[in-house]
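To start, the structure under review is shown below, and the notes come after it.
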Protein chains: 2
Amino acid sequence: MLRSLFMEGEEIDMTKEIQIGLLGYGTVGTGVVKILENNYEHLKIKVGAPIKIKKILVRTPSKMRSALTDAKIVTDINEILDDDDIKIVVELMGGETPAKDYMLEALKRGKHVVTANKDVMSKYGKELFDQAELSHVDLLFEASVGGGIPIIRPLKQCLATNNISEVMGIINGTTNYMLTKMTNEGMDFDTVLAEAQAKGYAESDPTADVEGLDAARKIAILASLAFGARVTVDDAYAEGIRNIGVEDIDYAKELGYVIKLVGIAKQDDLGINVRVHPLLLPKDHPLASVNDVFNAIFVKGDAVGETMFYGRGAGEMPTASAVTADILDVARDIVHGSSSRILCTCYNDKPTYPIEQSVSAYYIRLLVEDKPGVLAAIAGVLGEENVSICSVVQKLKVDHHTELVLITYPVKDEGVKKALKVINEMPIVDKVCNVIRVEQKEQA
Amino acid sequence: MLRSLFMEGEEIDMTKEIQIGLLGYGTVGTGVVKILENNYEHLKIKVGAPIKIKKILVRTPSKMRSALTDAKIVTDINEILDDDDIKIVVELMGGETPAKDYMLEALKRGKHVVTANKDVMSKYGKELFDQAELSHVDLLFEASVGGGIPIIRPLKQCLATNNISEVMGIINGTTNYMLTKMTNEGMDFDTVLAEAQAKGYAESDPTADVEGLDAARKIAILASLAFGARVTVDDAYAEGIRNIGVEDIDYAKELGYVIKLVGIAKQDDLGINVRVHPLLLPKDHPLASVNDVFNAIFVKGDAVGETMFYGRGAGEMPTASAVTADILDVARDIVHGSSSRILCTCYNDKPTYPIEQSVSAYYIRLLVEDKPGVLAAIAGVLGEENVSICSVVQKLKVDHHTELVLITYPVKDEGVKKALKVINEMPIVDKVCNVIRVEQKEQA
């Protein structure tokens, strides 16, 4: 039995639908239509007014979908922008163009915008929020990071009184799936990429995922929310997983680590540092057991301490879960006359600093000649740049050559780079095989 | 540099403080004062108005704290209830009486209420929400479950379009600390309880924690939110950890499980079932690696799939993080004139069903005579109640007696109870040592 949430005497016109224009009718769009149609009655009660998709913009009418909805399929954006009955525009086209222009125009016309678009939000967030403020409308984007995982609203509201020092996340499902396969089944990068593409987890052009750009957009968005200062994707350093070999994964395992592609946003005395790169995580770190296509975001605040948010970072229904939650919130604001209640939360200007200034421990894998004094010589070069060695693994390969794996103590990025340049030219060193950052183990 | 979040022409009186009356000045209250005082300027910008604690109610004035705040310390509740400048009452006294009466009276007088009180919210939620609706004020309680972990708002808003089938949580830090110690260090219950009391993790009367009552209150609150139907602590079954022996933990480990005290709320064709009991969790379950005083809440929704929220479930600053986030939200509602925007979300009436009707797999540890046919006889009795055995471990003890550990397939609770009654009276059975529910491993 449903009961009314309204008080006696309060009049809400339950017949007055809140109408939506949906831009894009792909995977997530289909999920949004399913949720809104299947839960129509319940959502009406929750919000205090019915929510209905009136029009759906598609690129070509041949892409019209099944009979999931009686919404009108349109191919001209103006059919939605010019329609004064449409109060909420839900943008699920993806990409920068024309999505950003459509959103900006919708905001200008006083329509609320809900989007899952990380490309646009990580680059044009300020411009869009400025317009939303001017127009006194909502702009929500929970689905832009972490799929269905609640993370935007928790950062904006639930952790709003914390000074957040760090956000670290596994925020790209494709690469996490690939690294999990490489770790558990010993598959190499190319094999696992082909498999991920066959399963639909990786796109035919996998660049944005495997090069870390997708994660860079998401960590820029999270950094803006966590630190209350605008950070764009252009402020983020991105390094992907193409160079991760099965050997690296095996050495990491032996040393008590797993390799993950993480987005990191840190705030310290220098300012804000935002980056995406592979990382050796101690195997008891909460993020270390996040496997397959799952995502998780780890947040450190001065009051709350360590928290983590875990779930499916992509897919039709998880992403639609986040999009429809935003739609509900906008609809509630419409019903309560409280639109633009929480808009941009970037109240501060804070500088970002480049990767060269960042500090991290490092895993360094070298192929060297197998003779006395080699380790000492290498340690000497590292020492000149103040790089101290924390642990060493050494394995005989072929013909008097040895693979040498070093883990350093934390050191400035530029120091490691300088030392590696020298090491690379030492006659006893055949090759610097790989260099990967390391999250230090907690002191027992 | 701070910038204004307000538009040109919009006038917000930044001198008009939103004043708070704080009930209780213990650990969490001190944390709330610290956060509000230390972040006064920033929170003013975030909310659009300054937030100030005007008065603090204490039991005895000798409990007056340091110079953290210039709030007036009072011992008479009417000094707060009668003060029309106080718009928000923050209740941190704990316990049912007089906290519930004070909250109800504050709501009646049109004051917003923020509380961390699980005792009251799990029992009198409906009464308080009805009054909040009548008075058109907010009633927020993020800190009542999971300390600093954002879970109430995510369930109310971020997952609002999901049909949630299950919530499972490690929501009592004291018992999780104890079980972690027992698991990692082989300590027995009494030793670890004494240690937890010495460290201040367990109270001198540990009943509410170790008997599962504290967790029962929290899972009742989570069930109400997850299923949109009122569930009270009286609907919840509670079984604690007093009977968990080191032997059980060792057998569980051998079989690939860890033992945790969990709160479970399930929704199925029978209705809603809410319970707290020890559970053998497969060691790769996301909750299995939640250790020490950490809490985590696992939520399954039809759209979002599996999500988890992790963090510190208690303590001065984590709990104050949640309380102050609620205060911010109430203050924003005051500024935007949107008070009572989201109140009770229990729109449905759904029946609860008792533990006897619930279905679970079971771990059964027996001491039996070591002779042929014993296992067959026991399996026969179980079979008569449709209880099938999934795995068996058998270990010779002393004098021709054997410890027999069975894990069953899922079966109705009352079936297991009936079979155990028969088994307990079999001459070949010395003792039914322990019976613990088991979360089944996923099929590979």
Requested in this report: Tell me the distances, shortest first, between B:PRO282 and the same position across the other copies, using label points 7 Å along Cα→Cβ, in nm to one decimal.
Outcome: 2.8
Query - Note, ³J(HN,Hα) from phi for the range B:189-206, Karplus 6.51, -1.76, 1.60, rounded to Hz, x at Gly and Pro - result: 3, 5, 5, 6, 5, 4, 5, 5, 5, 4, 7, x, 7, 10, 7, 5, 9, x
Requested in this report: For the range A:21-109, state what percent of all Cα-Cα pairs lands in each successive 5 Å bin, counting from 0 Å until the bin that includes the largest distance.
Outcome: 3, 14, 25, 25, 19, 11, 4, 0
Report task. Pick out which of B:ARG341, B:ARG365, B:ARG275 has the largest mean-square fluctuation in a Gaussian network model of chain B, springs linking Cα atoms closer than 10 Å. Result -> B:ARG341
Query raised in the report: Does anyone have the angle between helix B:316-336 and the longest principal axis of chain B? Alpha-carbon axes, 0 to 90°, nearest 10?
Result: 50 degrees
**Report entry** For B:GLU425, inter-copy label distances in nm, listed shortest first [label point 7 Å out on the Cα-Cβ vector]
**Finding:** 9.0
Query - Other-chain or far-sequence residues with amide H under 5 Å of B:GLU91's (modelled H) - result: B:LEU23, B:VAL114, B:THR115, B:ALA116
**Report entry** For the protein assembly as shown, diffusion coefficient by Stokes-Einstein and Kirkwood Rh (Cα), 4 °C, 1.567 mPa s, µm²/s
**Finding:** 44 µm²/s
Query - GluC sites (Glu not before Pro) within the range A:353-434: DSSP coil, no more than 14 neighbouring Cβ in 10 Å - result: A:GLU425
Report summary line: For the range B:110-121, in residue order, the Karplus 3J(HN,Hα) values (coefficients 6.51, -1.76, 1.60; θ = phi - 60°; whole Hz; Gly and Pro = x) are x, 9, 6, 10, 10, 9, 10, 8, 6, 4, 6, 5
Report summary line: Taking Cα atoms, the helix B:374-384 axis meets the longest principal axis of chain B at an angle in degrees (rounded to 10) of 60 degrees
**Report entry** Average beta carbon contacts from partner chains per residue of A:305-316, 10 Å cutoff
**Finding:** 6
Requested in this report: Once the label point is placed 7 Å from Cα along Cβ, list for B:ALA377 the distances to the corresponding points in the other copies, in nm, shortest first.
Outcome: 7.7
Query raised in the report: In the structure displayed, which of A:LYS52/B:LYS412; A:LYS218/B:LYS300; A:LYS421/A:LYS441; A:LYS100/A:LYS283; B:LYS44/B:LYS108; B:LYS260/B:LYS418 lie more than 31 Å apart, Cα to Cα?
Result: A:LYS52/B:LYS412; A:LYS100/A:LYS283
Report task. Using only the alpha carbons of chain A, determine the length spanned along each of the three principal axes and report them from longest to shortest in whole angstroms. Result -> 87, 45, 41
Query raised in the report: Residue farthest toward the positive end of the dipole of the protein assembly as shown, with Cβ of Lys/Arg at +1 and Asp/Glu at -1: which of A:ASN295, B:LEU179, B:GLY21?
Result: B:GLY21
Query raised in the report: Most mobile of B:VAL258, B:VAL392, B:VAL192 per a Gaussian network model of chain B (Cα springs, under 10 Å)?
Result: B:VAL392
Requested in this report: For chain B, with a Gaussian network of springs between Cα atoms less than 10 Å apart, report the residue from B:PRO61, B:PRO278, B:PRO286 with the top mean-square fluctuation.
Outcome: B:PRO61
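How well do other chains shield peptide B:320-333, expressed as the mean number of their Cβ atoms within 10 Å of each residue Cβ? Each step should come with its number before you reach the end.
Working: counts 3, 11, 5, 2, 4, 10, 3, 2, 5, 5, 0, 0, 5, 3.
That works out to 4 on average.
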Query raised in the report: Does anything in the range A:391-409 have its amide N under 12 Å from the 7 Å Cα→Cβ label point of A:LYS371, and if so which residues?
Result: A:400-401
Report task. Relative to the longest principal axis of the C-alpha atoms of chain A, give the angle of the C-alpha long axis of helix A:99-108, reported between 0 and 90° and rounded to the nearest 10°. Result -> 40 degrees
Query raised in the report: What residue of chain A has the nearest C-beta to the axis that moves A onto B, and what is that distance in Å, given as a whole number?
Result: A:SER338, 2
Query raised in the report: Using modelled amide H (1.01 Å from N, peptide plane; none on Pro or chain starts), what sits under 5 Å from the amide H of B:ALA314, excluding residues fewer than 5 places away?
Result: B:GLY148
Requested in this report: For n ≥ 4 DSSP H runs only, could you compute -39500 (n - 2.57) per run for chain A, divide by its residues and tell me the 222 nm figure to the nearest 500?
Outcome: -10000 deg cm²/dmol
Query raised in the report: Taking amide hydrogens as modeled 1.01 Å from N in the peptide plane, which residues meet the under 5 Å criterion relative to A:ILE18, leaving out close sequence neighbours?
Result: A:ILE51, A:LYS52
Query - Value in Å of the Kirkwood radius, where the range A:286-444 supplies the Cα pairs that are averaged - result: 20.2 Å
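We did not get these values from a lab; they are worked out from the coordinates using the rules stated. Being a predicted model, the structure only gives us computed values, none of them experimental. Heads up, the Cβs are rebuilt from the backbone with ideal geometry, glycines too, and the neighbour counts pull from every protein chain shown.
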